[in-house]
Each structure stands twice: as structure tokens, then as C-alpha cells.
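Below is one structure, written out as C-alpha cells, with a few remarks after it.
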Amino acid sequence: MKREIVFGPLRCMPGEKVQGMMDFADTGISSPLTLICGEKEGKTVLLTTGIHGGEYPSIESVIELAQELQPEDICGALVIFHPVNTAGFLERVSAVYPESGENLNRQYPGSPTGTIGQRFAYALTQEVIRKCDFMIDTHGGDLHEVLPPYVYYPGVGDQEVAERSRQAALRVNARYMVRSQADSNAYHMCNRYGIPSMLIEMGGRGLWSKEEVGAYKDNIMNVLRYLDVLPGEAKMPSEPAYVITNAAYIDASQSGCWYPQVSLEQRVKKRRSSGRH
């Protein structure tokens, strides 16, 4: 018989579903948590949303799954945070934790004696991530962002773990798949401890629709089928994602208004110099 799972103050026995709040160290961050423990043995999967509080399609999708999924549906266990950055969600703050102004997804590996964000990252890693077998971190375009569906997996660190992450990411119906070279996000931290992981991004601009949420939930559940947490066969997308191995993130060199000259997904290339000055 599988033993109970324990996260923060919550304990969940096989066949049970419990909900409550989990506090992260002395950060002031307190997040709603749902634990679902199936009767049968299986993986313990961490599902997070709302590390950035304005990414609504992902937040609504995970909230609905936390409500809908029941112990009889799964093998193993689900650990669901919905949302992580509750203060940012309630205050409609883009990208950061309001009290400290820190991006909670850029603080890893964290520190037990550092800033609020660093203490949060350390607590999430040590008290949650290291107790799980797989992590699905869900995001989207924030209040100011529009983007096509993406799935990221960590390309740094243990390459055997990276390949296990990639195989799961192939089951996500997305326009692009990024082999990420960053090393400061929650899902990258999983790789350091031999835990496969991914980050999904869908939607944006502070909006959500039933259609977007339905598509997001389908992706999450398809990955859970691939991991044998949900019954049924995981399907491959009808069209494979375009693979990106070198993603660049460009910031403006000065403040002001932005007037885009291209549309989303329009391809551009560098103009050749004429040699004249």
C-alpha cells in the first residue's frame, strides 16, 4: 500500500483528496494547494500555475483540474498549486511578487537566508520539487504579452533527464518547442535533482476564453496520460512543434512607447548593410 504524501501542513492518504494552504518559509507567500492521491502506485507529479499572477489561461486551467480530478481518476499522486503567487493574482500585478518586486521564476537555486524571492525558491525546491517525480509548470503571456503556444524543457544539466523531459514535451500541442539554456527557473531546478520537467505557455494579454482553457487542460491531461498518471493513451500532436535551440530575449535600450512593425509569428531577417554611412 502506498504511503501518505505530505506537503506543508497537508497530508493525503491513498484514495484521498485534500485542499488547503501552504506557507513558504518566512516569505509571506501562501499558496492554495490540492493533493490528490490515487489508490494505485505511480508517479508523484507537481503541477504549478500562477508563479506570475497575471497569466490567466494557465491559472484557470489548473484551478479547474484541481476541482475536477478525483483520486479514482489517477495512479500515483498530483500536487497542485493554484496559483503560487496569490498576492500577484489578487492585486493584478504583472510578472512579480508585489511585496518585493521580484520575479519568482528567476530566483533559483535560491537561498534560505536571501531575499523573499530567493527564500521562496529555496523552500519550493527543498520542500516540494525534490519530493516529486515530474514537474509541469504552466504559464502564458502576461498582462502585457501576446505569444503563440510554447513548450519549454531544460536543455542544460543531465542530458538523460533532459531527454526524458523532451519526450514528455513532444506530447504538448504547441507551435514551438524550446530547448532552454537558462538555469534560473523552477523547472530547470528539477534537472539538477534528476527530475524531468517542462514549462507550457498558452494565451496572454490578461484574457482567457473557454476554448483556450479547454485546449490548455487537454495538453496537461495528455502529458499526465504519457506519465501513466491518467488512464488512456497519450496522443502525439497532428503537427510537430517547430524546435528552437537558441531563443533570444530582447529588451528595449530605453523607455517609451512601442510601435511594432511586424505581427506575431511574422518572420524577419537582418537587413544587409549597403556599405554606405
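The values are calculated or read from the model by the stated rules, or taken from the named source; none is laboratory data. What you are looking at is a predicted structure, and each value in this text was computed from that prediction instead of being measured. When we count neighbours, we look across all protein chains shown, and the Cβ atoms used for this are built from the backbone with ideal geometry, even at glycine. These area figures cover heavy atoms from the full protein model, side chains too; ligands, DNA and RNA do not enter into them. Shrake-Rupley method; radii C 1.70, N 1.55, O 1.52, S 1.80 Å.
Among THR115, THR86, the order of accessible area from largest down is THR115, THR86, computed with a 1.4 Å probe on protein heavy atoms. When shorter helices are ignored and each DSSP H run of at least 4 residues is given -39500 (n - 2.57), the per-residue value for the chain at 222 nm works out to -7000 deg cm²/dmol. The alpha-carbon atoms of segment 49-119, seen along their principal axes, cover 41, 27, 14 angstrom, with the largest extent given first. Annotation note: chymotrypsin sites (Phe, Trp or Tyr not before Pro) in segment 167-276 located in DSSP loop regions with a Cβ neighbour count of at most 11 within 10 Å are TYR249, TRP258. Computed from Cα atoms, the angle from the helix 116-127 axis to the main principal axis of the chain rounds to 40 degrees.
For the chain, what is the percent of antiparallel DSSP beta bridges, rounded to the nearest 5?
Numbers: 20 of 44 bridges.
The answer is about 45 percent antiparallel.
Can you give the accessible area of GLU72 in Å² (nearest 10), computed on protein heavy atoms with a 1.4 Å probe? Counting only protein heavy atoms, GLU72 exposes about 150 Å² to solvent. Residues in segment 139-147 carry Karplus couplings, in order, of 9, x, x, 6, 3, 9, 10, 10, 7 Hz; the curve used is 6.51 cos²θ - 1.76 cosθ + 1.60 with θ = phi - 60°, and Gly or Pro positions show x.
Taking amide H positions as modeled 1.01 Å from N, with prolines and chain starts lacking one, no residue 5 or more places away or on another chain lies under 5 Å from TYR108. Amide H contacts for GLY76 (H built 1.01 Å from N in the peptide plane; partners 5 or more residues away or on another chain; cut-off under 5 Å): GLY38, LYS40, GLU41, GLY42.
Here the accessible area of the chain is 49 percent carbon and sulfur, with a 1.4 angstrom probe and all protein chains present. When all protein chains stay in place and ligands, DNA and RNA are ignored, the 1.4 Å accessible-area order of ARG205, ARG171, ARG225, largest first, is ARG205, ARG225, ARG171.
Couplings 3J(HN,Hα) of segment 163-170, computed from phi: 5, 5, 5, 4, 4, 5, 5, 4 Hz, in residue order, whole Hz [Karplus 6.51 cos²θ - 1.76 cosθ + 1.60, θ = phi - 60°; x for Gly and Pro]. Highest mean first, the peptides 101-108, 143-150 sorted by other C-beta atoms within 10 Å per residue fall in the order 101-108, 143-150. Average accessible surface for the chain: 52 Å² per residue, computed with a 1.4 Å probe over protein heavy atoms with every protein chain in place.
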